[in-house]
Amino acid sequence: MGQKTKYIFVTGGVTSSLGKGIISASLAKLLQGRGYSVTIQKLDPYINIDPGTLNPYEHGECFVTNDGAETDLDLGHYERFLNIATSQSNNITTGRIYQNVINKERRGDYLGKTVQVIPHITDEIKRCIQILGKEYDYDFVITEIGGTVGDIESLPYVEAVRQLKWEMGKDCLVIHLTLVPYLAAAGELKTKPTQHSVKALLELGVQPDILVCRTEHDLPKELRQKIAKFCNVAEDAVIESIDADTIYDVPLLMEREKLDKVVLEKLHLDSGGTAKLEKWKSFLTRHKNPTTKVKIGLVGKYIELKDSYISIAESFAHAGAANEVQVELEWIHSENITPENVAEHMKGIKGLLVAPGFGERGIEGKIEAIRYVRENNIPFFGVCLGMQCAVIEFARNILGFPDANSTEIDEDTPHQVIDIMEDQKAVKTKGGTMRLGAYNCEIKPGSKAEKIYGQTQITERHRHRFEFNNAFKSQFEEAGMSMSGVNPDTNLVEIIELPEHPWFIGVQFHPEYKSTVAAPHPLFIDFVKASVAIREREKAQSAQGI
Ligand code: GLN
């Protein structure tokens, strides 16, 4: 664009979970489709430095960036929509803001002054927002403010937005996402919560420029006029965000509502023409019109909260579309699987993914499920802890070490087939200390992994403390498990596979963090393909009465 970076803030009102992340990503997609460079940032008003130490039940999945930041799951949506990597600068928490300010205070940067929320905390927030524009030179920085307007903990963020709006004038705008609930008893959509949440913003000195109204029913013209009048926004800046079948519909719904046009007009940019979204639309067509279905089991211990595995679920959506197949995920709780009922749990399943995780809970169920699919030639995909469980299972049932385990689970086992990484042994603190982010992996020529990736040098993201114990490597390889991917610098095993099995691959890394709409991950694509092939094989066999 060659001009100054434009800043767009997305706030939320009335209630949480309205989908600010998806609206931000959808607007970003529309702007990207018009040729602009865009990034999205999330500001989280909690005191943790990052979500890395949070239980998934608290905050869903922890997403990991290339540069090793443990971040909010919305960053996963940003990457999946835009196909552009995010970094540490894209997710900032109150904890980090305060930590930066307190470090500066200790250094003496504020010598002689009282350090206060305004201006010191708000200045640090403003600095973290503007870094993306200044250092990376994006045309647009979209900043999503976590939480709901009116929360005590969001106040410094809204104040920072007020100041930036004042300082930047036409280079900045605020989109407020609200809820227009439908009262079934009255048979009406209600605008009052929106009016109140805009009032709450106004009390803090921020006039939103655009209102995105989440609703279950179409917003009639009179209602839009009413909202516009009460909230001092133009009528065309009242945007309807109706519940969608899939999150991937939202960019097109926002385009239909002209969100991108209104944004560009308000920022005094050319709003003619439309976004180029051909690839996106072709993905959506394949996603919504599968030619067939396949049932894939996902074994994990947080399955009550599907957000815990959101990147895996979305990777299956991408891989399903690539294969023109609808992947039906069967969520299986690892704690419920026993040797007696495993066959029952696996009924109808054509592929099994065992999920990442930490700690002992549910481990034995995961191992049992892996034994079943290994013995029954059902495709298996193990991710991080899932790969480690596959190693334990092989050690117990093929190498004949019934006590084999990971030292994360049993420190005293004589067969420590998964062990703490050397450079993790001295680590005592928990926050941000795992092996995190992108590392290289060298793939063995001739392996299944090489065939799938189509190359021998890859880079994938990590989040773990334990690893395959190389002391056992030759025993595993002699018994038929191939260590087909290794880190060239440290020799850490990154990929395992069973060449004799139709599809049995475990990875120490997290491929799900790299799958996007524009670039579905090859391992997920091939795994889905193999699962469909198993189903076709079974169909053919039953037709022949085998
Ligand atoms: N708990 C295991 C480790 O730390 C696996 C981690 C994961 O699945 N992300 O190595």
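Here is a yes/no grid of residues against (1) at pLDDT below 95; (2) under 25 Å from the mean Cα position of the chain (by Cα); (3) hydrophobic (A, V, I, L, M, F, W, C); (4) on the phi > 0 side of the Ramachandran plot:
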residue: Ile142; (1), (2), (3), (4): no, yes, yes, no
residue: Gly146; (1), (2), (3), (4): yes, yes, no, no
residue: Lys165; (1), (2), (3), (4): no, no, no, no
residue: Lys170; (1), (2), (3), (4): yes, no, no, no
residue: His176; (1), (2), (3), (4): no, yes, no, no
residue: Pro181; (1), (2), (3), (4): no, no, no, no
residue: Glu203; (1), (2), (3), (4): no, no, no, no
residue: Gln207; (1), (2), (3), (4): no, no, no, no
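A single member of Ile310, Ile370 is of a type in the set (A, V, I, L, M, F, W, C), buried (at least 16 other Cβ atoms within 10 Å of the Cβ) and without any contact (Cβ under 8 Å) to a residue 40 or more places away in the chain, and it is Ile370. Checking each residue in the range 517-546 for being of a type in the set (S, T, N, Q) and within 30 Å of Met421 (Cα to Cα) picks out no residue at all.
The residues on offer are Pro356, Pro339, and the sole one that is more than 16 Å from the ligand (Cβ to nearest atom) and in contact (Cβ under 8 Å) with a residue 12 or more places away in the chain is Pro339.
Answer yes or no: is there a residue in the range 343-352 that is modelled with pLDDT of 95 or more, over 13 Å from Ile303 (Cα atoms), of a type in the set (Val, Ile, Thr) and away from the ligand (no atom under 16 Å from the Cβ). Yes, the range 343-352 has at least one match. Whether any residue in the range 100-107 is at positive phi and at pLDDT 95 or above is what I want to check. Among the residues of the range 100-107, not one is at positive phi and at pLDDT 95 or above, which makes the answer no.
At least 1 residues being of a type in the set (Asp, Glu) is the threshold, and among the strands (runs of 3 or more DSSP E) wholly inside the range 319-433 those reaching it are 325-333, 416-420.
If you go through the range 394-434 and keep only what is within 13 Å of the ligand (Cβ to nearest atom), touching an Asp or Glu at 6+ places or on another chain (Cβ under 7 Å) and at pLDDT below 95, you end up with just Met421. When Thr15, Thr11, Thr53 are checked against the criterion of being of a type in the set (S, T, N, Q) and buried (at least 20 other Cβ atoms within 10 Å of the Cβ), Thr11 stands alone in meeting it. Is there a residue being touching a Lys or Arg at 6+ places or on another chain (Cβ under 8 Å), away from the ligand (no atom under 16 Å from the Cβ) and either more than 20 Å from Gly357 (Cα to Cα) or modelled with pLDDT of 95 or more (or both) anywhere in the range 435-442? So far as the range 435-442 goes, no, none of its residues is touching a Lys or Arg at 6+ places or on another chain (Cβ under 8 Å), away from the ligand (no atom under 16 Å from the Cβ) and either more than 20 Å from Gly357 (Cα to Cα) or modelled with pLDDT of 95 or more (or both). Here the strands (runs of 3 or more DSSP E) wholly within the range 454-546 that include at least 3 residues being within 16 Å of the ligand (Cβ to nearest atom) are 457-464, 466-468, 493-497, 504-507.
Scanning the range 194-213 for residues that are touching a Ser or Thr at 6+ places or on another chain (Cβ under 7 Å) and either of a type in the set (Ser, Thr, Tyr) or farther than 28 Å from Pro119 by Cβ (or both) yields Thr194, Ser197, Leu211, Val212, Cys213. The requirement of being in contact with a His (Cβ under 9 Å, 6 or more places away or on another chain) and either modelled with pLDDT under 95 or β-branched (Val, Ile, Thr) (or both) is satisfied by Ile303.
For the range 148-194, a tally of residues being out of contact with any Lys or Arg (no Cβ under 9 Å at 6 or more places or on another chain) and more than 27 Å from Ile121 (Cα to Cα) returns 10.
The values are calculated or read from the model by the stated rules, or taken from the named source; none is laboratory data. Keep in mind the model is a prediction, meaning the values are calculated, not measured. All Cβ positions, even for glycine, are placed from backbone atoms using ideal geometry, and neighbour counts span all protein chains on display.
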